[in-house]
Structures are given as structure tokens and as C-alpha cells.
Amino acid sequence: MAEPRPPIVATYSICACDLEAGQWGVATQSKFLAVGSVVPWAAPHVGAVATQAYANPGYGPAGLELLRGGATAEEVVEQLTSADGDRAQRQLGVVDAAGRGATFTGSECLDWAGGRAGDGYAAQGNILVSAETVDAMVDAFAATPGRPLAERLIDCLAAAQAAGGDRRGQQSAALLVVERDGGYAGLSDTLVDLRADDHERPVEELRRLYRLHHALFGKTPRADWLPVDDALRAEIEERLARVGYATLDDWAAVENLEERIDGTDSIDPVVLEALREAH
């Protein structure tokens, strides 16, 4: 009896990095349930991998292991695909620790299928309306240097969708960005890990989730925090009493804003706005 074939993860994706920020990430969209459970893989100061088409999920951990061993993006693509008898059905993108990109599209991937790779990115897709989907991702990435990597990657997905996207439609999208100690409480490397697993407009939903994530876990530069003078302190205490809390720490912990609290002499404007909106 023939072994079952893996599902077709017909999709578009972009692997990318921001070397100055020490971040690597993958963003992807597909007419496929929970594309984020298959395509994106990344590790800080190691690299990022996207595996799709007749996806081989083993490319993710195996690719990261090769990158940890010092292989370049091109070498990872060569080693993974040359050892895979079904490589003609695979699609793969890799960005390494130095920011070099490489992409591979097997000869049996369904049209339109292809990719582009360059400094800091690898963009690819299959079962697309046209090559313009991949071109749009690359153009969007090139047009946004200096902005947070997560925002750039979401913009890449939005540009790709506007250019045609997956010719079967939309269903799910995912965003993964890693940074050494950049995750919750500085205790993990996962800076952003968001998924819209089944949605009519998954890229729009992913952007909404990212905005919520940033509000809760983002960082306002300390120079932009507001000094708590007597008048503001009185306002904070009055508002806390109105919602039934004795301290800002206690309220922030319940509202999942604890990562934006640091002492009582100044306040993150995001926290103050949330407190003013509380009922």
C-alpha cells in the first residue's frame, strides 16, 4: 500500500532577517488550515526556514540544525533537497545567520510556482495567480528598512495578497519572529508567534493580532514614558480605585500589561491610555 502523500501547503511565504536587531522571522499565507503549524521555523543567530508545497516538515528542524553547524543558506537548500527523493514536489526558503537568502522550487510544484532570494530574504510561493505575488513581497520588504521586522513581514503578506496571492483563495496566515531573550519576560527567544488558523481575511486578522500583541508586550522607549507628578499620581490612584485595585502593578497584571510596568516614578503611555479606558 502506498504511503499517504503530505498535504499540499500551497502558499506564499517570506523568510527574512534584521541583523542589526538580531531578529529572524517567517511570514506565510495559504488556502490551507493552520499554515503556521507547518511552514515557519526560526532560531535567533541561526536563521529561518519556510517549508511548503508538498511540504516536508522535517526541513524545518533539519535546516536549523544545518545552519547551527555553519552551513550557508544555499548549502542548506542543497543538502536538504538532494537527500529527498520527493524534492521535485517541495518548496523551500532559507535565510542564514549572515542574512544570506536561498530558495528552491521543485519542478513538479503547481503553477505558478517560484521564488526570489537576496540579501536578508527568501520569498517563494506555489499555486499563485502569477509571479507578481512573489515580486510584491520582495518589493515590500525592500521598501521598509528600519521598521520592526514583524511589521515588515505582515506588510509583505498584504502586498502579496493585493498582487493576487494564492489562486485558490485565503484561509490562514502566520507570523514567527525570534530574537535572543526577546520573548515574554526575557525568558524565551520567541518575540512574536501569531496565527490566524481559519479566517476569511487571514492577513488582516494577523495584523489585528499583531497590533494587540504589540499593545500588550511591545516596548515604549523609556524616553517616551511620562513622569508621574502629583496630579498624574492622583489621577492614577483615583482610576485604580474606580476599577477596584490598590496598585498599578495589580491592575496591570490582570490586564496582561505587566511587561509595561517598571516602578512608580514614570508610566508607559500605553498603560496610562488603557487605564483611562478601563471601566
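The values are calculated or read from the model by the stated rules, or taken from the named source; none is laboratory data. Values in this document were obtained by computation on a predicted structure and should not be read as measured data. With ideal geometry, Cβ positions are generated from the backbone for all residues, glycine too; neighbour counts draw on all protein chains shown. When the accessible area is computed, the model is the full protein with side chains, heavy atoms only, and any ligands, DNA or RNA have been set aside. Shrake-Rupley method; radii C 1.70, N 1.55, O 1.52, S 1.80 Å.
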Efficiency of FRET from Cβ geometry, residue 142 and residue 211, R₀ 22 Å, rounded to 0.05: 0.40
Along each principal axis of its Cα atoms, how long is the range 33-167 end to end? Whole angstroms, biggest number first, please. 36, 34, 25
Please quote Rg/Rh for the range 130-224 to two decimal places, taking the Kirkwood radius as Rh and restricting both calculations to Cα atoms. 1.01
May I ask for the percentage of alpha-carbon pairs in the range 232-279 that lie more than 18 Å from each other? 13
Principal axis dimensions, largest first and in whole angstrom, of the range 88-141 by Cα: 31, 24, 8
Compute and list, largest first, the equivalent-ellipsoid semi-axes of the chain from the alpha carbon gyration tensor, each √(5λ) rounded to a whole angstrom. 40, 19, 16
Determine the distance separating the Cα centre of the range 32-66 from the Cα centre of the range 150-226; give it in Å without decimals. 17
Given a 1.4 Å probe, how much area per residue of the range 144-279 is accessible, in Å²? 55
Rounded to the nearest 0.05, what FRET efficiency do residue 98 and residue 219 have when you use their Cβ-Cβ distance and R0 = 41 Å? 0.95
Sorted from largest down, give the three principal axis spans of the alpha carbons of the range 155-279, whole angstrom values. 59, 33, 23
Length gained if residue 279 through residue 162 is fully extended, taking 0.36 nm per residue and subtracting the Cα-Cα distance, is 38.2 nm
So between residue 34 and residue 74, what do we pick up on full extension, going 0.36 nm a residue minus the alpha carbon distance? 11.6 nm
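Test of understanding: what is the full-extension gain from residue 83 to residue 110, defined as 0.36 nm times their sequence separation minus their Cα-Cα distance?
The span from residue 83 to residue 110 would gain 7.6 nm if fully extended.
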